[in-house]
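Accompanying notes for the structure given below.
FYI, it's all coordinate maths here, none of it is from the lab. What you see is a predicted model; the values in this text were computed from it and never measured. Cβ placement follows ideal geometry from the backbone for every residue including glycine, while neighbour counts extend to all protein chains displayed.
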Amino acid sequence: MLMNISKQNIDSLNAILKIELSRADYQERVDTVLADYRKTADMPGFRKGKVPMGVVKKRYGIPVKVEEINKIISDSLTKYIIDEKLDILGNPLPKEGEQIDWEHQEDFVFEYELGLSPSFELKISKKNKIDYYNIKADDVMIDRYAEDIAKRYGKMSSPDKVQEKDLVYGTFQELDAEGLAVEGGVTNQASVSLDAVKIKKLKNEFIGSEKSAVIILDPKKAFENDTDAAAMLNIGKEAYADLKANFSFTIDNISRMQPAELNTELFDKVYGQGVVKNEKEFRVKIAAEAEQMFVGDADRKFQNDAVDFLLEKTSFDLPEAFLKRWMQTVSEKPVTLDEIEKDFEGYKKSLKWQIIENKIAKENNLSVTKEEAVAETKKLIRAQMAQYGQVSPEEEQLEKYAHQVLTNKEEEKNIYDRIFASKLTVFFKSVFKINEKEISYENFIKLAQS
């Protein structure tokens, strides 16, 4: 009997794959491996490479037989599934059968359970309407954006008195219960941003104070963030956790960002000579920039709504019993079927979308090429460098950087997923009827979180 593979359909979602193996299918491979072992075998009482084959077989025969048969089974399963174009879910699961006698048995029958992907039709047309939200920048947002630009191009000043948004430089000194400086206690020069002061009364003490003024504070009550507070005192987290003392803070200097005026000088610096001529044009320009930044958020919301629509409107069954057993088998930690049952609905929804997505990709030739991944990576590198004010490298160097990034499997997956998501959004826009709606960013956030 030569190896035979046959498939028996249990129903449209489940099948049994039977592999029948005879001695002729595996013995030559076993003999080859044992001959190689004999060449390198080093056993007491025999010269290296001169161990009798009978001794080698006695020691290694059964493990080699098991290993080679398992390799044949694995390769045969994979080849059969590919050749027969079987669309399976998970991996084949060995079906429990009779106990195998590896020492004496020569012919073998192995059975595997298969979970089959369902057959279904996608019904997408222009009759299906999906909302698309055009996020508009309101006056409050434009004011904030303009203020940020003015600060970015502003100048630092050193005023005489503290105001609410100032950065105050000074010296911390640990005090004892009597309010006197602790000899050998914690002392450090640092800066304090008034935005980080969480006690309103203490913040008011700072406001209006001049250089050389002394403020008494408890750092644990004064500051929002323990890590930042420990850094201000130049002590470790554990020392800060044990700290029970007030500190004096003597103001040495005051730093204030003086925003640039909204005039042609600023507009030319930001957008180039003569591009923006007055404040009205400036506000129009930054509104357009802000709204362009929101396109990604709007696209994600649109895609999520399209996915929800397809999940709701597309109906098919899954081989649930098989999938639960498969999840139990591949789990890193021992898990019961009852435990799997608790999370199964979430997994089922995720798998259902994966099946729908794969069908969309296959039927509409949606795929990501290596060239597209490299181009997207280069774009991300340029954007990141521009964010830190760095000049983009030459094309050849940029290409090299991009390929280096893509050697990281996690980064590569993220970039491929990013490109595919973009293509999926474009596809959805082409097949659904889009109902455009204008919305403020604040209301969009509320909608997205609801």
Quick count over the stretch 253-265, residues being in contact (Cβ under 8 Å) with a residue 60 or more places away in the chain and loosely packed, with under 14 Cβ neighbours inside 10 Å, is 3
Note on the stretch 109-157: residues assigned to a loop (DSSP other than H, G, I, E, B) and closer than 22 Å to Y441 by Cα are A137, D138
Contacts under 6 angstrom Cβ, first residue in the stretch 150-168 being over 19 Å from D195 (Cα atoms), partner part of a helix (DSSP H, G or I), 6 or more apart: Y153/L266; Y153/K269
In the stretch 326-364, how many residues are over 22 Å from F309 (Cα atoms) and of a type outside the set (S, T, N, Q)? 14
Hey, does the stretch 356-377 have a residue that's of a type in the set (S, T, Y) and under 30 Å from K127 (Cα atoms)? yes
Scan the stretch 331-355 residue by residue and report those that are touching a residue at least 12 places away in the same chain (Cβ under 8 Å) and more than 22 Å from the chain's Cα centre (by Cα). L337, I340, E341, F344
What do you reckon, is G274 within 28 Å of K151 (Cα to Cα), not in a helix (DSSP H, G or I) and not basic (K, R)? yes
Quick check on my filter: what residues within the stretch 225-256 are of a type in the set (D, E) and under 35 Å from the mean Cα position of the chain (by Cα)? D226, D228, E238
Tell me, which residue of the stretch 289-320 that is of a type in the set (G, A, S) and out of contact with any strand residue (DSSP E or B) (no Cβ under 8 Å at 6 or more places or on another chain) is surrounded by the most Cβ atoms within 10 Å (Cβ to Cβ)? A290
State which residue is surrounded by the most Cβ atoms within 10 Å (Cβ to Cβ) when the search covers only the stretch 421-450 and only residues that are of a type in the set (A, V, I, L, M) and part of a strand (DSSP E or B). I439
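For the subset of the stretch 1-45 comprising residues that are outside any strand (DSSP E or B) and β-branched (V, I, T), which member is surrounded by the fewest Cβ atoms within 10 Å (Cβ to Cβ)?
T40
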Given I82, I100, which one is closer than 30 Å to Y26 by Cα, free of Cβ contacts under 8 Å to residues at least 60 places away in the same chain and not in a loop (DSSP other than H, G, I, E, B)? I82
Filtered residue count, the stretch 3-58, keeping only those that are among the aromatic types (F, W, Y) and either more than 30 Å from D87 (Cβ to Cβ) or without any contact (Cβ under 8 Å) to a residue 12 or more places away in the chain (or both): 2
